[in-house]
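Some notes on the structure that comes next.
Derivation of every value follows stated rules applied to the coordinates shown; laboratory data play no part. Only a predicted model underlies this, so the values are computations on that prediction, with no experimental measurement involved. Cβ: placed from backbone, ideal geometry, glycine included. Neighbour counts: every protein chain shown.
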Amino acid sequence: MALLLIAGIFGLSREGAKLVSQQKADKATVVLDAGHGGTDPGKIGVNGEKEKKLNLEIALLLKKELEEHDILTRSSDEGLYDSNSKNKKVQDLQKRCDLIHKTAPDCMVSIHQNSYTTPEVKGAQVFYYTHSAEGKKLAEDLQSALVEKVDPDNNRLAKGNTSYYLLKKTDVPAAIVECGFLSNPEEAQLLTSEEYQKKLSKAICDGVLKYLGKSKKSDKSST
Ligand SMILES: [Zn+2]
């Protein structure tokens, strides 16, 4: 049963990758992953806000931002599991990986929100798979853009991780952006505002552009 599923994933991957490589001749592709969704709300904020909702809102703004810079995006749907599945969480993550492999993007960015036991802790932080040099580059570009554009007082650094499923199981440059702490009242409130979400998505877009080696100005020459 497990073998069959893996074979299915690889079968799809090759076909999908071929399709996308034709479109990719002149355009970069980014897979956007809005963390959690469906029956999995993710973290719950001190203000009652669900992580899955904020992740999706920010991912949609980021999608718009990237597309304005002529970058193709693919998004993972909320709750990518069968409703009769015994282990929804595992199936959801496997399907997200399947989409990433099928798309064969230049990079993958997954949007999440953080939480901690003490309310003082705050600030965006980006994670990458410890053994991925490209993932590290991507994460560092994202982290510095977030510090520069959103919160210059944030002294967090991009951090390696060996256990996040999505980072471990994908072979494309990938980063998880924890946009802020839902356990910090001030940040939890900011994260619900569209203005702040736009600021975050612009910063993440800048980080992606920097990683892809694209100049923002040359893409916007017509406006
Ligand atoms: Zn999360």
Give the shape of region 124-202 as rounded, prolate or oblate, defined through the alpha-carbon gyration tensor: a ≥ b ≥ c are the square roots of its eigenvalues, a/c under 1.5 means rounded, and otherwise the shape is prolate if a/b is larger than b/c and oblate if not. prolate
How much length is gained on full extension from ASN161 to THR130, taking 0.36 nm per residue of separation minus their Cα-Cα distance? 10.6 nm
On a 30 Å Cα-Cα criterion, which of the cross-link pairs LYS63/LYS89; LYS88/LYS149; LYS86/LYS198; LYS89/LYS210; LYS53/LYS168 come out too long? LYS88/LYS149; LYS86/LYS198; LYS89/LYS210
Spin-label point model (7 Å from Cα, Cβ direction): what's the ASN47 to GLU148 distance in nm? 2.8
Sum of side-chain charges, LEU62 neighbourhood, beta-carbon under 12 Å (Lys, Arg +1; Asp, Glu -1): -1
Between GLU67 and ASN87, Cβ-based FRET efficiency (R0 35 Å, step 0.05) works out to 0.55
Where does the charge balance sit around LYS89 when Lys and Arg score +1, Asp and Glu -1, over other residues with C-beta under 12 Å from its C-beta? +2
For LYS169 and SER75, compute 0.36 nm times the residue count separating them, minus their Cα-Cα distance, and round to one decimal in nm. 32.1 nm
Report, as a whole number in µm² per second, the diffusion coefficient that Stokes-Einstein gives for region 79-215 at 37 °C and 0.692 mPa s using the Kirkwood radius over alpha carbon pairs. 209
